[in-house]
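The values are calculated or read from the model by the stated rules, or taken from the named source; none is laboratory data. The structure displayed is predicted, hence computed values, not measured ones. Neighbour counts run over all protein chains shown; Cβ positions are idealised from the backbone, glycine included. These area figures cover heavy atoms from the full protein model, side chains too; ligands, DNA and RNA do not enter into them. Shrake-Rupley method; radii C 1.70, N 1.55, O 1.52, S 1.80 Å.
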Amino acid sequence: MSHQGLIIFDTTLRDGEQSPGASMTKDEKVRIAKMLEKLRVDVIEAGFAIASKGDFESVKAVAEAVKDSTVCSLARAVYADIDRAAEALKGANTSRIHTFIATSPIHMKYKLQMEPADVLAQAIKAVKRARNYTDDVEFSLEDGSRSEFDFMCWITEAAITAGATTINVPDTVGYGEPQEYGAMFKRLMEAVPNSDKAIFSTHCHNDLGLAVANSLSAVMNGVRQVECTINGLGERAGNAALEEIVMAVQTRKDIFPVQTRIVSEHIVSTSRLVSGITGFPVQPNKAIVGANAFAHESGIHQDGILKHRETYEIMRAENVGWNTNKIVLGKHSGRAAVKARFEDLGVTFEDQDQLNAVFIRFKALADKKHEIFDEDLQRLVSEAASKVEDIYALVSLDAYTKTHQKPEAQITFTVKGEQKTATATGSGPVDAAYKAIEQIVASATDLLLYSVNAITKGTESQGEVTVRLERKGQIVNGVGSDTDIVIASVKAYLNALNLLEHSAVRSHPQHGV
């Protein structure tokens, strides 16, 4: 079987960021983009340039930082969006403008309040406008899987004639079914006379758990670009997971007529980076990147694996980056060794001060933890890089717990530089510490999520705690790590409170495809 290239379009920085509380800073977006580039993602959708000043600056920063991947910005089918996207992408080696408009009857009638003929005309004008800036223009039929077929054909043909080089027909609301969705692409490409002049793309949401299946069905029916995210991150139930798409294609070369250029050995480290920055933990039984993905507890399975790996493993754990993060550093390691290991992980420092700040954190951790793993290093950088100006900062914590006695915590922390101390009891030391914080802060927040994960293996592993807080519709994810899980919990809670104080509610004009 001859294999064609499959374009991997990653939208972690745009659609992935629309997960509640998953907002990323400019520096965090650049870090993820650099890792995606190392992974050899073909197209990185860096954001929605017109959505906010922060989005614009993030797209601009990613465009200037990334050299090998195409950098893309989303834009509605209006001139202001397209012009803003083009401005943000000026510094890119190769750029793409991704413009979209809704094409389903329900979206045109109730959201756009436009007639189909007007939607068609606006799409043509938008594509032509985008072609003034770049030869690489993607046009998306938002809610494509619920659009009428004849209209889909007309607007697709018109967009290609106007200059669109990629046509994306997304399953925006996760309504698609694999056989039906794949057949739609085959029928569309056969019906549109100039379909050979464009690459067709799929972008699937996971509302029914079918995003990957729908995407792969589209590939089997002629689609040559898949839009996806690391860990399947995305609004509602998420998007198609990049790691699952890539490894399905790689593992079943006998079935899929395509190949990607992804360096799969970087998948796990990219997954960890995205999880750490967004505060969205990866479930243990998640395919490819979950902690249990290559674990075998059943005696029959273990016996089979020992005799012949392929009895119960269809791919090698090492091929996606498991078991490759060896113990690298310890308390006697110097700056040069630490810097070199960070560079191996794709992390560079702007100046000596930045390196020194991370090295101080490294030494503090090495005093607590004998062996430092790559995941620990990624966490150190996340803590240093994502640091907002602290309104609340931990000074000390004294937590007490004993069988048959009420747990108690005394916490001292600064509020705008002024030290405050409070004591409270609770159902456990974490609950007590949080109640003590609230005695002083009175944040009026709801705790939506409290999640604990071990960053590496062993009892001396750092614990990483994610806390999701909501206040008046605004949601943030705070993350904290420490070898002491109670301290990590307090750090995460204070981080979330700091984020609430500093971040404005993001205002996307539309959610996009």
Failed item, numbered, when SER140 is tested on (1) open to solvent by 10 Å² or more (accessible area, probe 1.4 Å); (2) out of contact with any helix residue (DSSP H, G or I) (no Cβ under 9 Å at 6 or more places or on another chain); (3) touching a residue at least 24 places away in the same chain (Cβ under 8 Å): (1)
Does segment 486-502 contain at least one residue that is touching a Leu at 6+ places or on another chain (Cβ under 7 Å) and polar (S, T, N, Q)? no
What are the residue pairs meeting all of these: first residue in segment 151-164, first residue open to solvent by 20 Å² or more (accessible area, probe 1.4 Å), second residue in a helix (DSSP H, G or I) and hydroxyl-bearing (Ser, Thr, Tyr), Cβ atoms under 9 Å, and 6 or more apart or on different chains? GLU157/SER195
Pick from GLY54, GLY16, GLY21: which is at pLDDT below 95 and surrounded by fewer than 21 Cβ atoms within 10 Å (Cβ to Cβ)? GLY54
Could you count how many residues in segment 241-275 are touching a His at 6+ places or on another chain (Cβ under 9 Å) and part of a loop (DSSP other than H, G, I, E, B)? 3
How many residues, within segment 443-465, are at pLDDT 90 or above and surrounded by 22 or more Cβ atoms within 10 Å (Cβ to Cβ)? 1
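Only one residue in GLU244, GLU265 is open to solvent by 10 Å² or more (accessible area, probe 1.4 Å), in contact with a Gly (Cβ under 8 Å, 6 or more places away or on another chain) and farther than 17 Å from LEU6 by Cα, so which one is that? Don't jump to the end; show me each part of the working.
Values: GLU244 fails: farther than 17 Å from LEU6 by Cα.
None of the other options fit; the residue is GLU265.
Scan segment 379-395 for residues that are more than 16 Å from GLU438 (Cβ to Cβ), open to solvent by 20 Å² or more (accessible area, probe 1.4 Å) and at pLDDT 75 or above and jot them down. Talk me through it step by step, then tell me what you get.
As a first pass, look at segment 379-395 and keep what is more than 16 Å from GLU438 (Cβ to Cβ): 379-390, 393, 395.
Within this subset, residues satisfying the condition of being open to solvent by 20 Å² or more (accessible area, probe 1.4 Å) are 383-390, 393, 395.
Those that are more than 16 Å from GLU438 (Cβ to Cβ), open to solvent by 20 Å² or more (accessible area, probe 1.4 Å) and at pLDDT 75 or above: ASP390, ALA393, VAL395.
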Taking the condition of being over 13 Å from TRP154 (Cβ atoms), in contact with a strand residue (DSSP E or B) (Cβ under 9 Å, 6 or more places away or on another chain) and in contact (Cβ under 8 Å) with a residue 40 or more places away in the chain, how many residues in segment 112-126 meet it? 2
Suppose we keep only residues that are under 19 Å from the mean Cα position of the chain (by Cα) and among the small types (Gly, Ala, Ser) within segment 53-112. Which one would you say is farthest from ASP143 (Cα to Cα)? ALA65
Can you tell me which of (1) open to solvent by 10 Å² or more (accessible area, probe 1.4 Å); (2) among the charged types (D, E, K, R); (3) under 17 Å from PHE9 (Cβ atoms) is the one GLU227 doesn't meet? (1)
Within segment 177-201, restricting to residues that are open to solvent by less than 20 Å² (accessible area, probe 1.4 Å) and not small (Gly, Ala, Ser), the one that is farthest from ASP143 (Cα to Cα) is VAL192
Looking only at residues in segment 25-51 that are open to solvent by less than 10 Å² (accessible area, probe 1.4 Å) and in contact with a Phe, Trp or Tyr (Cβ under 7 Å, 6 or more places away or on another chain), which one is nearest to ALA75 (Cα to Cα)? ALA49
Could you check ALA293 against (1) at pLDDT below 90; (2) aliphatic (A, V, I, L, M); (3) crowded, with 17+ Cβ neighbours inside 10 Å; (4) in contact with a strand residue (DSSP E or B) (Cβ under 9 Å, 6 or more places away or on another chain) and say which number it fails? (4)
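Determine if segment 96-106 includes at least one residue that is assigned to a helix (DSSP H, G or I), in contact with a Leu (Cβ under 8 Å, 6 or more places away or on another chain) and hydroxyl-bearing (Ser, Thr, Tyr). Break it down into steps so the answer makes sense when it comes.
Taking segment 96-106 as the starting set, the residues that turn out to be assigned to a helix (DSSP H, G or I) are 105-106.
Still in the running and in contact with a Leu (Cβ under 8 Å, 6 or more places away or on another chain): none.
Checking segment 96-106: not a single residue is assigned to a helix (DSSP H, G or I), in contact with a Leu (Cβ under 8 Å, 6 or more places away or on another chain) and hydroxyl-bearing (Ser, Thr, Tyr).
Yes/no matrix, rows are residues, columns are (1) over 25 Å from ARG96 (Cα atoms); (2) in a loop (DSSP other than H, G, I, E, B); (3) of a type in the set (A, V, I, L, M, F, W, C); (4) open to solvent by 50 Å² or more (accessible area, probe 1.4 Å):
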site	(1), (2), (3), (4)
HIS203	no, no, no, no
GLY222	no, yes, no, no
ILE277	yes, no, yes, no
PRO284	yes, yes, no, yes
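Taking the conditions exactly as written (surrounded by fewer than 19 Cβ atoms within 10 Å (Cβ to Cβ), aliphatic (A, V, I, L, M), at pLDDT below 95 and more than 23 Å from the chain's Cα centre (by Cα)), does MET1 satisfy them or not? It would help to see each step written out before you state the result.
Values: surrounded by fewer than 19 Cβ atoms within 10 Å (Cβ to Cβ): yes; aliphatic (A, V, I, L, M): yes; at pLDDT below 95: yes; more than 23 Å from the chain's Cα centre (by Cα): yes.
Against the criterion (surrounded by fewer than 19 Cβ atoms within 10 Å (Cβ to Cβ), aliphatic (A, V, I, L, M), at pLDDT below 95 and more than 23 Å from the chain's Cα centre (by Cα)), MET1 qualifies.
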In this structure, is LYS60 among the charged types (D, E, K, R) and modelled with pLDDT of 95 or more? yes
Residues of segment 127-146 satisfying the condition of being modelled with pLDDT of 95 or more and assigned to a loop (DSSP other than H, G, I, E, B): ASN132, TYR133, THR134, ASP135, ASP136
Counted residues, segment 95-111 - those being surrounded by fewer than 17 Cβ atoms within 10 Å (Cβ to Cβ) and not β-branched (Val, Ile, Thr): 4
Per the filter on segment 396-408, residues part of a strand (DSSP E or B) and either in contact with a Lys or Arg (Cβ under 8 Å, 6 or more places away or on another chain) or open to solvent by 70 Å² or more (accessible area, probe 1.4 Å) (or both) are ASP398, TYR400, GLU408
